[in-house]
Amino acid sequence: MRTYKTVIIGMGRMGQTRFQAMKRHGGFDIQALCDNLPERLAGYECCTYTDWKECIAHERPEVVVVCTINAVIPDVVCFALASGCHVFSEKPPGRNLADALRMKQSYMATQGQVLKFGFNHRYHNSVIEAKSLIDSGFLGHVVAARGMYGKAANLQREEWRNHLELAGGGILLDQGIHMLDLLRYFVGDFSEVSGITDNLVWKNSEAEDTAFAMLRTLEGKVATLHSSAIQWKHKFDLDIVLTDGYIALNGLLTSTKSYGEERLTYYKKELDPLDGKIGNPTEYTLCFDEDSSWDYEMNEFYDAIHGDGTIINGTVEDAVQVMSLVEQVYKKRANKKEGLQVG
Amino acid sequence: MLRSYQYTEKSYLDYSMQDSAFQAKEMDIVQRYVKNNHKRDDLRRDCPICGEDTGRYFFTKWGVDYLLCKKCKSIFAVCSQEDVESYLRYQELIDFRTSVSYERQMTEKRQAVWKEFLEWLEVRSFRFLHKNHDLHVVDVGNRFVGFVESIKVSPICGKYELRNSDLKMETGKIGRQAADIVLCNDVLKTEYQPQKLLTEIKESLKPTGLLVIGARVGNGFDILTLKEKNTRICPYEHIFLPSVKGISKLLKDNGFDLLEITSAGVMDVKYVLDDAGDFEGQDGFVQYLLKETDETVLHEFQRFLQKSCMSSYVRVIARKTKGMP
């Protein structure tokens, strides 16, 4: 197996997760790690840096993995692309749409390099199954979806996520972006967006603790999102309504298991059942007890670099589109704060 | 492997898979055959999966001993291969099962189950083959005319071949390594050498093709609870009841990657309620569950069995390990 000289910039939780996934894959020769906090680099048997630019310039890697805070992501991605590297970047793709467009511009100027963003949820088994079910046509076609993604967060804690200048947004950009990406994935591109973001509990926080969005495609398919930092228990629910059936994704398998069991339930429309009981169709539920999402994601990235495939999930276009949705929801917030009518 | 469970929000406590009069007649024919032909003396048998002397006595039915493998937890009957082969050719039983009246009542009772199976197959084949129309389907051991017809007219099926069946039906031929799907429903139970069956199936499948097994499993609630009292389990109709662990090992050892195990069985609680009699001899928990709780609890318990892969009927999807011939 061909191995690619790799560096990881940012060794917080996501950097460590990507490090482990790349080790398991075997196609990445991790030569250096970088973090501005030296204590995060202790115990690794490779070169370490606290300056990302120096790390990339000195190591001259083929692959750069970007797991930094949101504010730094665009700088590292653009520099790595300009240095001729393939890049895997954590989500969100920067703090705002301008950041995403800047990275897209850098990518367009490259010579066939690969750029992939970590919209990891697309690789969860329930999401893979849902996509397969939809694509099979067994349940007709999607007409509506509603997603709820919530957690228990302390927005008063002193961390970069709670500073707009570093994070770019609150719960919508931090976590809701995954659900927005899935809504796009299942429903399609949205042409109309309306939304509300607010601080329902954490009144003094810069970042919002709640976001609601309503979205509609040109064909009239509708989706809603509720993103919450004040759910007080981790929760992931996505309902998809189709012309001939229904799919529900409940729970998400994570390392902490705090989002509950990951399940997919589906049923087919049955308006003329043998037992005469309308509204009680046979449900099929699949429960998953393995999370291989990090590995699937890395496989796709490796295959694209190696020329055995292309980036299907987490393309730069996905990044731009989802950041555009986020920005449109945030604009409604700005309008409201300025006393303008909420659209 | 993608390990998933599947269960259905539906109570099967009033459901039956076969007309009781036909079931009694069928059992009578089978029992007469076994009692007249089974030879007990000097019989020994290794676990069909582990291949070792790992079996421990579990129960005896109609004079045939059943062992439980201490390694893989599969259950198997102590009998000779010749006796089983001869049983599978037993004309009285074949005539009974292929009679018009038997087939008609089976179609009546099982049409809904077959329809659900084919819908499930449509979904799963798209998941693993990215295609669910006009597939080449080899069907091993199917003995129900209604089921064969349902498969043949299903949009999944483009070309169909029936193998190893008592049914006298002319079907097409699917060449070597040309099958998209090999169906193997209720076949393992009479397999003396399951490895041989898997070798034949491997020959038929395309490299990316799917093996779909439907099987009664030895780790199921009704099997372990009822033992010889289970009116639906008998020699030589059931000489091999692999556990989920056993099936996994069997497939791996014979060049298959297990993609999915679905615990599709919905009848465990119903079977135990039917056959346990006064529940004497059952352990305290099972007695309390069956005698003192209500239908809601029993339904939830059945759901728990399915979700935990402890129901006695599973569906397995496997694919040839990459690089295997």
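If you check residue A:205 against the conditions, is it more than 18 Å from residue A:148 (Cα to Cα) and either exposed (fewer than 15 other Cβ atoms within 10 Å of the Cβ) or at pLDDT 95 or above (or both)? It is false that residue A:205 is more than 18 Å from residue A:148 (Cα to Cα) and either exposed (fewer than 15 other Cβ atoms within 10 Å of the Cβ) or at pLDDT 95 or above (or both). Hey, any hits in the stretch A:273-284 for a residue that's among the β-branched types (Val, Ile, Thr) and at pLDDT 90 or above? No, the stretch A:273-284 has no match at all.
Looking across B:268, B:283, one residue alone is more than 14 Å from chain A (Cβ to nearest Cβ), surrounded by 23 or more Cβ atoms within 10 Å (Cβ to Cβ) and of a type in the set (Asp, Glu). It is B:268. One residue stands out in the stretch A:285-302 among those that are more than 16 Å from residue A:22 (Cβ to Cβ) and in a loop (DSSP other than H, G, I, E, B): the one that is modelled with the lowest pLDDT, namely A:289. The number of residues in the stretch A:63-89 that are assigned to a loop (DSSP other than H, G, I, E, B) and either in contact (Cβ under 8 Å) with a residue 60 or more places away in the chain or of a type in the set (A, V, I, L, M) (or both) comes to 4.
Considering A:268, A:277, A:203, the condition of being more than 24 Å from the chain's Cα centre (by Cα), free of Cβ contacts under 8 Å to residues at least 12 places away in the same chain and within 14 Å of chain B (Cβ to nearest Cβ) is satisfied by A:277 alone.
Rundown of residues vs (1) within 26 Å of residue B:103 (Cα to Cα); (2) surrounded by fewer than 16 Cβ atoms within 10 Å (Cβ to Cβ); (3) among the polar types (S, T, N, Q), yes/no style:
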residue: B:154; (1), (2), (3): yes, no, yes
residue: B:162; (1), (2), (3): yes, no, no
residue: B:188; (1), (2), (3): yes, no, no
residue: B:202; (1), (2), (3): no, no, no
residue: B:209; (1), (2), (3): no, no, no
residue: B:224; (1), (2), (3): no, no, no
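For residue A:252, are the conditions met, namely being outside the structural domain of residue A:27 (by TED's automatic domain parsing), touching a residue at least 60 places away in the same chain (Cβ under 8 Å) and within 24 Å of residue B:120 (Cβ to Cβ)? Spelling it out, it is not the case that residue A:252 is outside the structural domain of residue A:27 (by TED's automatic domain parsing), touching a residue at least 60 places away in the same chain (Cβ under 8 Å) and within 24 Å of residue B:120 (Cβ to Cβ).
Is it true that some residue in the stretch A:53-65 is within 14 Å of the chain's Cα centre (by Cα) and of a type in the set (A, V, I, L, M, F, W, C)? No, that holds for no residue. Going through (1) of a type outside the set (Ser, Thr, Tyr); (2) under 30 Å from residue A:156 (Cβ atoms); (3) within 14 Å of chain B (Cβ to nearest Cβ) one by one, residue A:230 falls short only on (3).
Per-residue answers, yes or no, for (1) in a strand (DSSP E or B); (2) basic (Lys, Arg); (3) without any contact (Cβ under 8 Å) to a residue 40 or more places away in the chain:
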{"residue": "A:147", "(1), (2), (3)": "yes, no, no"}
{"residue": "A:155", "(1), (2), (3)": "no, no, no"}
{"residue": "A:173", "(1), (2), (3)": "no, no, no"}
{"residue": "A:179", "(1), (2), (3)": "no, no, no"}
{"residue": "A:197", "(1), (2), (3)": "yes, no, no"}
{"residue": "A:216", "(1), (2), (3)": "yes, yes, yes"}
{"residue": "A:236", "(1), (2), (3)": "yes, no, no"}
{"residue": "A:239", "(1), (2), (3)": "yes, no, no"}
{"residue": "A:248", "(1), (2), (3)": "yes, no, yes"}
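Among the residues of the stretch A:85-107, at least one is at pLDDT 95 or above and farther than 30 Å from residue A:331 by Cβ. If only residues of the stretch A:1-35 that are in a strand (DSSP E or B) and among the aromatic types (Phe, Trp, Tyr) are counted, the one that is surrounded by the fewest Cβ atoms within 10 Å (Cβ to Cβ) is A:4. Set side by side, the residues A:92, A:38 differ, and just one is touching a residue at least 12 places away in the same chain (Cβ under 8 Å), surrounded by 15 or more Cβ atoms within 10 Å (Cβ to Cβ) and not small (Gly, Ala, Ser), which is A:92. Considering each residue of the stretch A:104-114 in turn, at least one proves to be part of a helix (DSSP H, G or I) and either buried (at least 21 other Cβ atoms within 10 Å of the Cβ) or in contact (Cβ under 8 Å) with a residue 60 or more places away in the chain (or both). Of all residues assigned to the stretch B:230-246, none qualifies as being surrounded by fewer than 21 Cβ atoms within 10 Å (Cβ to Cβ) and either over 17 Å from the mean Cα position of the chain (by Cα) or among the small types (Gly, Ala, Ser) (or both).
Annotation note: of B:259, B:273, B:250, the sole residue that is touching a strand residue (DSSP E or B) at 6+ places or on another chain (Cβ under 6 Å), in contact (Cβ under 8 Å) with a residue 60 or more places away in the chain and not in a loop (DSSP other than H, G, I, E, B) is B:259.
Going by the conditions given, is residue A:22 of a type outside the set (Gly, Ala, Ser) and over 25 Å from residue A:321 (Cβ atoms)? So residue A:22 passes the test.
Residues in the stretch A:309-318 that are crowded, with 22+ Cβ neighbours inside 10 Å and under 21 Å from residue A:17 (Cβ atoms) were compared, and the one that is nearest to the chain's Cα centre (by Cα) is A:314.
Conditions tested, residue by residue: (1) within 14 Å of chain B (Cβ to nearest Cβ); (2) under 17 Å from the mean Cα position of the chain (by Cα).
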{"position": "A:241", "(1), (2)": "no, no"}
{"position": "A:248", "(1), (2)": "yes, no"}
{"position": "A:252", "(1), (2)": "no, yes"}
{"position": "A:287", "(1), (2)": "yes, no"}
{"position": "A:307", "(1), (2)": "no, no"}
{"position": "A:320", "(1), (2)": "no, yes"}
{"position": "A:323", "(1), (2)": "no, yes"}
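Within the stretch B:96-143, the set of residues being more than 14 Å from chain A (Cβ to nearest Cβ) and under 18 Å from residue B:20 (Cβ atoms) comprises B:96, B:97, B:99, B:101, B:102, B:103, B:104, B:105, B:106, B:107. Quick check on the stretch A:115-135: of everything there that is within 14 Å of chain B (Cβ to nearest Cβ) and of a type in the set (A, V, I, L, M, F, W, C), which residue is surrounded by the fewest Cβ atoms within 10 Å (Cβ to Cβ)? Restricting to residues being within 14 Å of chain B (Cβ to nearest Cβ) and of a type in the set (A, V, I, L, M, F, W, C), the top hit is A:128. Here residue A:263 fulfils each of the conditions (1) away from every other protein chain (no Cβ under 11 Å); (2) touching a Cys at 6+ places or on another chain (Cβ under 6 Å) apart from (1).
Among residues of the stretch B:166-186 that are without any contact (Cβ under 8 Å) to a residue 12 or more places away in the chain, those with a beta-carbon under 9 Å from a residue that is surrounded by 14 or more Cβ atoms within 10 Å (Cβ to Cβ) and small (Gly, Ala, Ser) at least six positions away or on a different chain give the pairs B:175/B:204. Residues of the stretch A:144-178 that are under 17 Å from residue A:237 (Cα atoms) and surrounded by fewer than 19 Cβ atoms within 10 Å (Cβ to Cβ): A:144, A:146, A:148, A:152.
The values are calculated or read from the model by the stated rules, or taken from the named source; none is laboratory data. All of these numbers come straight from a predicted model, not from anything done at the bench. All Cβ positions, even for glycine, are placed from backbone atoms using ideal geometry, and neighbour counts span all protein chains on display.
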